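Below is one structure, written out as structure tokens; the observations come after it.
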Amino acid sequence: MFFSPLSSTMTVIAIAGALLLPSLLFAFNTNITTLLAEFQNNARIVLYLTRDISDSQALEVSNNLLTSNAIDSADFISNEEALLSFSEAAGFSQIVADLEANPLPASIVITPNLAGLAGLDQLAVRLDQMPEVELVQVDSLWLRRLAAISELIVLAARALGLIVLLCLCFIIGNTVRSHIENRRDEIKIIKLVGGTHSYIARPFLYTGLFYGLLGGLLASLLQATIFLSFRDPLNEIFNLYDSSFTLPLLAPAMLITLAFSGALIGWLAAIISAYRYINAIST
Amino acid sequence: MISFDKVSKQYISGQCALASVSFEIDKGQMAFVTGHSGAGKSTLLKLVLATEKCSSGHVVVNGTDLNHIRKREIPFFRRRIGMVFQDHQLLNDRSVADNVALPLDISGFSRSDARRRVRAALDKVGLLGKEKQFPAALSGGEQQRVGIARAVVNRPSIILADEPTGNLDPELSMETMEVFEQFKNVGVSLLIASHDISLINRMDCRTLILNGGALIGDTGHGELS
């Protein structure tokens, strides 16, 4: 079933490499998405309300905002509360005591959900258009950027996945072709004695499946190794961001997915290639 | 049975291999095909095996008109024919037993059933002791006999042979012919291409004579001169 240990090993490594790229991207992106969900709490939009609005009106506005499907929470802070927390902040109590009137406006602090995070700009514009809102302050620009990048990575992962699929088909198809060419005379004899194409193709299909499976397993091994070496620095970063998130070392799901995809693609590529080249052998 | 009706074969290169050949071989009939090299003997066999398609005329084998056979039907058609090749065509990476078992494996026989039949076939050609050996370790004559065993193991209704006694001494040649006779007697049609004139004369059997692609003689139970 194998050419030689060296060329077989090279084929398996090529398959593993091809499978590894989209897998890494996907894993990377999954981690980012998890992080985003966690940091979501830090994302805020603060709506500073106009002066002429009463507390009860503002509270009503705040409750209405809760019904939006882009917003997780909306907290109303009256101008008295704002002044109080301002004065409690370091060193401001004296200044506040000296003030004649409350200069601070009332505000609503909004926490958008992940969907809101993606369309933060539009959300901010919509909120700004509300008559009760004087000023919109958008926090966490970086988080928004991260969300956008995450979407881009997903797109890249999918495109790469498609290219990888083609590459794998080519690698395995080529390997199967070589094996078939090597056994040309044999195949001729089997055809003359009444062997069908599926009878002849069967061992080559197992070859493709096996190569694909090995490639998938090697890919998951490589991915685990990469995660291992990145683990400590990354966990350090997560810690600094006060996140309890840690990088998983080896998810069983990843191993199974890679092994299975490898085997499946290997088998399918072998089918296409085997029947094509067996057909081409004339008798 | 085999039926040729005004069959001609012309290759794309323009070479005319057969010209309007007609004959019939019934069940339980054995016939030689002879003629000089290039007379069309191998082409004749190829047409029966559906390796080539005739340019005109009809070839009917085992009730199947080969002008109309579909590509995916051909393997099943060939399983009812036992072919003995000129250069034995054995698989070198398999043992003698596995080589002989090939037609049975293709047809889906279980290992144990196959083993019995393989032994019987090897016994018929006198090679029972060599089951486990590989073709490379056998003499030319022994390899040829393995090829014959493979051709008969699946009890085909037609046996085609292309120079089956090429590598065999006179005694072995006669023994091989005896095996073929046994099959003839149970109703198998045999068509043997050979230019071993002495053997043909000894056998005193129906002989089709080809010359330049044309059938110029059909001795024995045939119809014409």
*Inside segment A:202-219, can you point out the residues that are of a type in the set (A, V, I, L, M, F, W, C) and surrounded by 23 or more Cβ atoms within 10 Å (Cβ to Cβ)?*
A:F204, A:A219
*Could you grab me the full set of residues in segment B:50-66 that are surrounded by fewer than 21 Cβ atoms within 10 Å (Cβ to Cβ) and within 13 Å of chain A (Cβ to nearest Cβ)?*
B:T51, B:E52, B:K53, B:N62
*Set B:V125, B:V118, B:V153, B:V186: member being among the hydrophobic types (A, V, I, L, M, F, W, C) and touching a Pro at 6+ places or on another chain (Cβ under 8 Å)*: B:V153
_Can you pull out every residue in segment A:124-160 that is hydrophobic (A, V, I, L, M, F, W, C), more than 13 Å from the chain's Cα centre (by Cα), at pLDDT below 80 and part of a helix (DSSP H, G or I)?_
A:L141, A:W142, A:L143
*Any idea how many residues of segment B:12-33 are assigned to a loop (DSSP other than H, G, I, E, B) and either over 12 Å from B:G213 (Cα atoms) or modelled with pLDDT of 90 or more (or both)?*
7
*Would it be correct to say that B:I209 is surrounded by fewer than 21 Cβ atoms within 10 Å (Cβ to Cβ), of a type outside the set (D, E) and closer than 19 Å to B:V21 by Cβ?*
yes
*Are any of the residues in segment B:7-25 of a type in the set (K, R), away from chain A (no Cβ under 14 Å) and touching a Gly at 6+ places or on another chain (Cβ under 7 Å)?*
no
*For segment B:62-82, what are the residues that are within 22 Å of A:A280 (Cα to Cα) and touching a residue at least 60 places away in the same chain (Cβ under 8 Å)?*
B:R79
_Condition first: within 14 Å of chain A (Cβ to nearest Cβ), at pLDDT below 90 and closer than 17 Å to A:D185 by Cα. Can you find one or more residues in segment B:74-85 that meet it?_
yes
*asked:* If a residue must be farther than 13 Å from B:I148 by Cα and within 11 Å of another protein chain (Cβ to nearest Cβ), how many such residues does segment B:86-105 contain?
replied: 6
*In this structure, is A:N69 without any contact (Cβ under 8 Å) to a residue 24 or more places away in the chain and surrounded by fewer than 15 Cβ atoms within 10 Å (Cβ to Cβ)?*
no
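Table: residues versus (1) of a type in the set (S, T, Y); (2) touching an Asp or Glu at 6+ places or on another chain (Cβ under 6 Å); (3) not in a strand (DSSP E or B).
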| residue | (1), (2), (3) |
| --- | --- |
| B:E142 | no, no, yes |
| B:R150 | no, no, yes |
| B:A161 | no, no, no |
| B:G166 | no, no, yes |
| B:S173 | yes, no, yes |
| B:K184 | no, no, yes |
| B:L190 | no, no, no |
| B:N201 | no, no, yes |
| B:T207 | yes, no, no |
*asked:* For a quick check of your reading of the model, give me the residue pairs whose first member lies in segment B:162-191 and is among the basic types (K, R), whose second is not in a loop (DSSP other than H, G, I, E, B), with beta-carbon atoms closer than 6 Å and at least 6 apart or on different chains.
replied: B:K184/B:M30; B:K184/B:L190
*Residue in segment A:184-199 that is nearest to the other protein chains (Cβ to nearest Cβ), counting only those that are touching a residue at least 40 places away in the same chain (Cβ under 8 Å) and farther than 19 Å from B:G82 by Cβ*: A:H197
_Out of the residues in segment B:106-123 meeting the condition of being crowded, with 18+ Cβ neighbours inside 10 Å and more than 8 Å from chain A (Cβ to nearest Cβ), tell me which one is farthest from B:F180 (Cα to Cα)._
B:F109
*Before we move on, is B:S225 at pLDDT 90 or above and touching a strand residue (DSSP E or B) at 6+ places or on another chain (Cβ under 7 Å)?*
no
*Spot the failing condition for B:E178; the list is (1) closer than 17 Å to B:F32 by Cβ; (2) touching a strand residue (DSSP E or B) at 6+ places or on another chain (Cβ under 9 Å); (3) modelled with pLDDT under 90, and only one is missed.*
(2)
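The values are calculated or read from the model by the stated rules, or taken from the named source; none is laboratory data. Not measured: the values here are computed from a predicted model. Positions of Cβ are backbone-derived with ideal geometry, glycine not excepted, and every protein chain shown enters the neighbour counts.
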